[in-house]
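A short worksheet on the structure shown next.
The values are calculated or read from the model by the stated rules, or taken from the named source; none is laboratory data. Since the model is a prediction, treat every value here as computed from it, not as a measurement. Glycine also receives a Cβ, built like all others from the backbone with ideal geometry; neighbour counts cover every protein chain displayed. Note: accessible area is taken over every heavy atom of the protein model, side chains too, but ligands, DNA and RNA are not part of it. Shrake-Rupley method; radii C 1.70, N 1.55, O 1.52, S 1.80 Å.
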Amino acid sequence: MFLGWCEASDRDLLRGARDLYLFVGMLRTTVVERAGSGRGSLRSRDGSTMYWPWVRELYKHAVADGTVDGSVLGLLFEVGDDRWLPAELKSGGGGVRYRARPRHVQRSVGG
């Protein structure tokens, strides 16, 4: 669905990553056209955000096979390392450890 949206809106993969929020907005404001329950109604919040993990995996694969530059992952993930943390907060084993947290996640509502 994401690739179809990119093609229909004349976006390449890099621009698609930059505009991921517009894809989710489109999902939330257009009715479901596929057969089955929900047809003709708007997607729920869960229904529109369930695409995020798939899109992130698509980009990880595209970077691995050289289709897009690795810098695109910075649009989808917050990447950090522990070099600047005090020793007591670093993970065991020494060396730099990288972590990647998805930028686009569904936030829980309420407390």
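Consider the range 43-59. How many of its residues are open to solvent by 50 Å² or more (accessible area, probe 1.4 Å) and within 16 Å of the chain's Cα centre (by Cα)?
Of the residues in that region, 7 qualify.
Considering only the range 25-42, I want to know if a residue exists there that is open to solvent by 80 Å² or more (accessible area, probe 1.4 Å) and among the hydroxyl-bearing types (Ser, Thr, Tyr).
For the range 25-42, residues open to solvent by 80 Å² or more (accessible area, probe 1.4 Å) and among the hydroxyl-bearing types (Ser, Thr, Tyr): present.
Checking Ala62 against (1) part of a helix (DSSP H, G or I); (2) open to solvent by 40 Å² or more (accessible area, probe 1.4 Å), which single condition isn't satisfied?
Of everything listed in (1) part of a helix (DSSP H, G or I); (2) open to solvent by 40 Å² or more (accessible area, probe 1.4 Å), Ala62 misses just condition (2).
Could you grab me the full set of residues in the range 64-111 that are within 14 Å of the chain's Cα centre (by Cα), modelled with pLDDT of 75 or more and under 18 Å from Leu3 (Cβ atoms)?
Within the range 64-111, Val72, Leu73, Leu75, Leu76 qualify.
Kindly indicate the residue of the range 33-55 that is in a loop (DSSP other than H, G, I, E, B) and touching a helix residue (DSSP H, G or I) at 6+ places or on another chain (Cβ under 8 Å) and also nearest to Leu22 (Cα to Cα) among those meeting that condition.
Once the filter is applied, the top-ranked residue is Arg43.
Starting from the range 17-45, take each residue that is in contact (Cβ under 8 Å) with a residue 60 or more places away in the chain and list its partners that are part of a loop (DSSP other than H, G, I, E, B) and not β-branched (Val, Ile, Thr), counting only C-beta distances under 9 angstrom and pairs at least six apart or across chains.
Leu20/Arg103; Leu20/His104; Tyr21/His104; Val24/His104; Arg45/Gln106
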